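This report refers to the structure that appears directly beneath it.
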Amino acid sequence: MKSVLVQDKKNCMNNSEKINLLDFTSEKLKAFFLERGDKPFRATQIIKWIHQHGVDKFSEMTNVSKTLRAELETIAEIRPLEIAIDDQSSDGTRKWLLRLPDGNCIETVFIPEDDRGTLCVSSQVGCALDCTFCSTARQGFNRNLTVAEIIGQLWLAKKLLQPNPESERVISNVVMMGMGEPLLNFDNVVDAMTLMLDDNAYGLSKRRVTLSTSGVVPALDRLREKVEVSLAISLHAPNNALRDQLVPVNKKYPIEQLIASCQRYMVGKAARERITIEYVMLNGINDSDQNAHELVNVLKDVPVKVNLIPFNPFPETRYQRSSNNRIHRFRDILVNAGLVVITRKTRGEDIDAACGQLAGKINDKSRRDIHFARIESSTE
Ligand code: SAH
């Protein structure tokens, strides 16, 4: 395991007033140029420079006129995220702690496998959903990430992992499974995923970009109209009583509503397309034979593949991982009922990069320090 502290800036507030072009989809950049009276094809050129070639300086955009480059220089910039820590696991998994302009930190994980390279991207600083088995939940919610901060994770990882942009693609898949609930940051996540799919940007196929959600049903219903990606559902329990405890958003959108929304999502999709059902294996909680049979029943009318995730522990958690025997037995029941099941391999555990272990570092939500500073100054 290798850990590199890349920067140690105490005050990293970015006071730049310039527009960050990482915030723009192709469409939005076209609109931006049209409004300025420039030709919209400039947008395509610039999107290619930024996302295909990993360029962050206008001076390197050699097919853009010098005048436009100089003008852009004064009003805009391509502002990458700062790396605070760069960790590498003994299994090759890489985790970056990235520092945002407001001092918050988020985490991004790269998981290399034989046939693919997957980048796990965060969508929020912290998370509001309070799933009881997830370490991100324990830090609460601070704020949504901007488009630039979401796509900036891919921009940066690509640059670090594939220094020569013309060489073979290292990141073949992106999963929105980092910190946060992507559907609660809907517009920014949609724009960022639009860039992931955009042939002038990252050109990933819709089968290789996956949004994972705990099941915010109204947002899930809107997603299909906005951008076409693969879907993963954090189900984790086969009945409402148990799911209410593990994934509290279930109290608002119970299993029947979630499954109905999944069915709507799949209308008109190719027969081979499936929704991934994520199911974390918690010893003695949701892993009984009966739970497996219930799960078969819940999933009987949706095209799915089930992903069994061995629970990844974190300090002070009340849960334990199910034994391998239990996971196998649970899997066999699902398989015998005709379901496609994959047991997820745990990766990057030695650097706390496994599912549910992402903690990042967020500013105190209560802003207690600022509050106290104000009280002190008003009483002086
Ligand atoms: N909020 C989104 C995406 C983030 S979590 C969602 O809920 O889907 C990504 C996946 O990791 C989810 O399936 C989540 O339930 C799972 N996960 C969270 N904590 C975990 C843990 N401690 N061990 C294993 N998987 C966990």
Can you confirm whether Leu204 is in contact (Cβ under 8 Å) with a residue 60 or more places away in the chain, assigned by TED's automatic domain parsing to the domain that holds Tyr265, over 27 Å from Phe133 (Cα atoms) and buried (at least 21 other Cβ atoms within 10 Å of the Cβ)? no
From (1) touching a Ser or Thr at 6+ places or on another chain (Cβ under 9 Å); (2) within 16 Å of the ligand (Cβ to nearest atom); (3) of a type outside the set (Lys, Arg), pick out the condition that doesn't hold for Leu197. (2)
Could you list, in sequence order, all residues of segment 294-342 that are assigned to a strand (DSSP E or B), within 12 Å of the ligand (Cβ to nearest atom) and open to solvent by 50 Å² or more (accessible area, probe 1.4 Å)? Arg321
Within segment 151-194, how many residues turn out to be within 16 Å of the ligand (Cβ to nearest atom), part of a loop (DSSP other than H, G, I, E, B) and open to solvent by 10 Å² or more (accessible area, probe 1.4 Å)? 3
Looking for whichever is open to solvent by less than 70 Å² (accessible area, probe 1.4 Å), out of contact with any Leu (no Cβ under 9 Å at 6 or more places or on another chain) and closer than 26 Å to Glu166 by Cβ here; the options are Leu21, Leu29, Leu68. Which one fits? Leu68
Would you point out which residue out of Thr146, Thr118 is under 19 Å from Thr210 (Cα atoms), assigned by TED's automatic domain parsing to the domain that holds Lys251, of a type in the set (S, T, N, Q) and more than 16 Å from the ligand (Cβ to nearest atom)? Thr146
Please go through segment 121-137 and give me each residue that is more than 8 Å from the ligand (Cβ to nearest atom), under 21 Å from Gly152 (Cβ atoms) and in a loop (DSSP other than H, G, I, E, B), ordered by number. Val121, Ser122
Taking only segment 209-225 into account, find how many residues are touching a residue at least 40 places away in the same chain (Cβ under 8 Å) and away from the ligand (no atom under 14 Å from the Cβ). 2
Quick check: anything in segment 268-281 farther than 25 Å from Val209 by Cβ and either modelled with pLDDT of 95 or more or open to solvent by less than 20 Å² (accessible area, probe 1.4 Å) (or both)? yes
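The values are calculated or read from the model by the stated rules, or taken from the named source; none is laboratory data. Only a predicted model underlies this, so the values are computations on that prediction, with no experimental measurement involved. Glycine gets a Cβ as well: all are built from the backbone with ideal geometry, and neighbour counts include every protein chain shown. What goes into the accessible areas is simple: the full protein's heavy atoms, side chains included, and nothing from ligands, DNA or RNA. Shrake-Rupley method; radii C 1.70, N 1.55, O 1.52, S 1.80 Å.
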